[in-house]
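This report refers to the structure that appears directly beneath it.
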Amino acid sequence: MTQKRKWTGVVLATAMVAGLLAGCGGNNNAGNGGTNNGATNGNNTAAEGNNAASEDLTPLTLSYYSEDVNPNWANMQDAVGKAITAKTGITLDAEFAVGDPVQKSALIATSGDYPDLIAAKNSINKFVDAGAVIDLTELIDKHAPNIKKLYGEEMNRLRYSNDDKSIYVIPTNAGVDQTYFTAGGGFELQHRVVKELGFPTIRTVKDYENAIKQYLAKHPKDENGNPNIGLTLNADDWHMYISVTNPAFLATGGSDDGEYFIDIDTQEVTYHFRRPEEKEYFRWLNHMNAEGLLDPESFVQKYDQYKAKVASGRVLGLIDQEWDYADGEKALKAEGKFDQGYGHYPVTLTEEFKDASFQPTGFLSGYGVAISSTNPDPVRAIKFLDYLASDEGQVLVNWGIEGEHYKVENGKRVIPAEVNDRKINDAANFQKESGIGQYNQIGPHYGDGVKDPSGNYYTTNFPEQIVASYNDVEKEVLAAYKATTWKDLFPKEEEFKVKPWGAAWNIPVPGDSEITILDEKLKSITWKRIPEAILAKPADFDKVWDAYMKEIEAADVEKAEDLRQELVQQRVELWSGK
């Protein structure tokens, strides 16, 4: 008889917050497996994990809560989900956050009615403080050889804090030994724009602006007589971070530390909007608006309207992450309008800055999946996660079922052309059916660029496969810029120092810290003042900006900076192994 536990979720009406942005980064390499699970034909497995998982296959349903949304979840009835259940006996009864996940997590944490597995991201502190999650150290040591193997020397980064060295979370937000091959951000331009203009240099905001302006002058309307749009922004709730405010630090040499800029040498923390160079970035957006190159609906359109606008093919430029606008671009590709897809360019305010998207952070722990204190069988739960960490499990979740989603030729795993076409051009349906892309965010995983014992990559996101996913128009544009992938256009990792704190957005905030309250106050002010500054008359920009600076100073921005700096320094100490 199947065991099943239920818990009461609370659905809220507000939208997701920005703390989710990093975890939403496109997980292009997630894959799936099936009954074969890559156990033969050169796909080595971790025997320890398989034996552990097969000790008890009694059907067990575990409730699972995640702060991330997952519109393609198929209740583990996809090919990979069925294979995982066959190997572990476990099925997940999953609920994904609707509305504001931080508020929802807070309500769950105080309710005493906990899901069995919890992926709380930035709210894990609430569950730790409530005693809702257990220390996994002993469970990992006794029952999870694959997890220990996977994390290896990074195990010290799983510790919660300097005062509490417990392991509450199995990190899922980043792969171990990750190499980032994909540039999914930057400033985007439609391929038809750069093609018609003879592939101009796109390096600064002025270059970007000129390309849009020149193309619009030649083609003010599309083939149906509808006006083309120079640049549109996605400012609907938490998307404000992704498309409006985060680009300000990326365009001025900063890397992603949430709402703060951190000096790599001194670890001094600054609320990033207080940097003078970012003021000039927003002045440029103000100029784009005054020139009629910025979509006047940028700050009133809803997310669905934004994606529909992208899908119409009328938008020449975006400043966004690919995962945020991908649905719209996929619609264009499905119609064969490949020249209206987008390339990624490392645009900065001036040439004195370098886009730091690829500044190395080292392995990022911080959040992932936790086992609740009311879980009916923590040993089965950790063995389930350990199976996902095994070589067999990793092949399964990343590649899929041999003979169905991939084949092995001369010892190498290969994705057939028709499967690859569906992954790219029918992504949502393919994911629902196959499960590829669903399970790396549930369990531990290796990063892109890591090879298994057979010499194959664990993930499907490696240069050769990335190139194979490009259409002919993308390849033409990249070749014109003497590049093979979009990442080739961006500054390389070795051009930057490694951030010893990882990423500030990844650092848990203690439940009794004032930071949460201060950050919310600052966010409310910023989300009001930034659009106001962008849409103001150019002559009024400085006046609006000065008022904004005074308002955040009155809201204790300096105290927020000091408190965040303490957390950064504590993280550096924790991760240094002292």
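Nothing in this text is a laboratory measurement; each read-out follows from the coordinates by a stated rule. All values derive from a computational prediction rather than experimental measurement. Every residue, glycine as well, gets a Cβ built from its backbone with ideal geometry; the counts of neighbours run over all protein chains shown.
Observations, loosely collected:
- Residues whose amide H falls under 5 Å from that of residue 63, counting only those 5 or more places apart or on a different chain, are 5, 93, 116, 117, with hydrogens built in the peptide plane.
- Distant-in-sequence amide H partners of residue 347 (H built 1.01 Å from N, under 5 Å): 187
- Pairs from the table (126/559; 195/482; 82/432; 195/337; 206/354; 307/337) lying more than 18 angstrom apart at Cα are 126/559.
- Karplus-based coupling profile of segment 247-254, in residue order and whole Hz: x, 5, 7, 5, 7, 10, x, x, with θ = phi - 60° in 6.51 cos²θ - 1.76 cosθ + 1.60 and x standing for Gly or Pro.
- Here the Karplus relation 6.51 cos²θ - 1.76 cosθ + 1.60, evaluated at θ = phi - 60°, turns the backbone of segment 393-398 into coupling constants of x, 5, 5, 4, 6, 8 Hz, with x for every Gly and Pro.
- When only the Cβ of Lys, Arg, Asp and Glu is charged (+1, +1, -1, -1), the dipole of the chain relative to its Cα centre reaches about 800 debye.
- Other-chain or far-sequence residues with amide H under 5 Å of residue 457's (modelled H): 452
- For 519, 391, order by how many other beta-carbon atoms lie within 10 Å, fewest first: 519, 391
- Per residue, the chain reaches -11500 deg cm²/dmol at 222 nm when only DSSP H runs of four or more residues are counted, each adding -39500 (n - 2.57).
- Among 219, 111, 181 the positive-end extreme of the charge dipole of segment 94-229 (Cβ point charges): 219
- For residue 412 and residue 540, a Förster radius of 35 Å and the Cβ-Cβ distance give a FRET efficiency of 0.05, rounded to the nearest 0.05.
- In order along segment 175-188, the Karplus-derived 3J(HN,Hα) couplings, from 6.51 cos²θ - 1.76 cosθ + 1.60 at θ = phi - 60°, round to x, 6, 6, 5, 10, 8, 9, 10, 9, x, x, x, 9, 9 Hz, and Gly and Pro are given as x.
- Relative contact order for the chain, counting Cα pairs under 8 Å that sit 6 or more residues apart, in percent: 26
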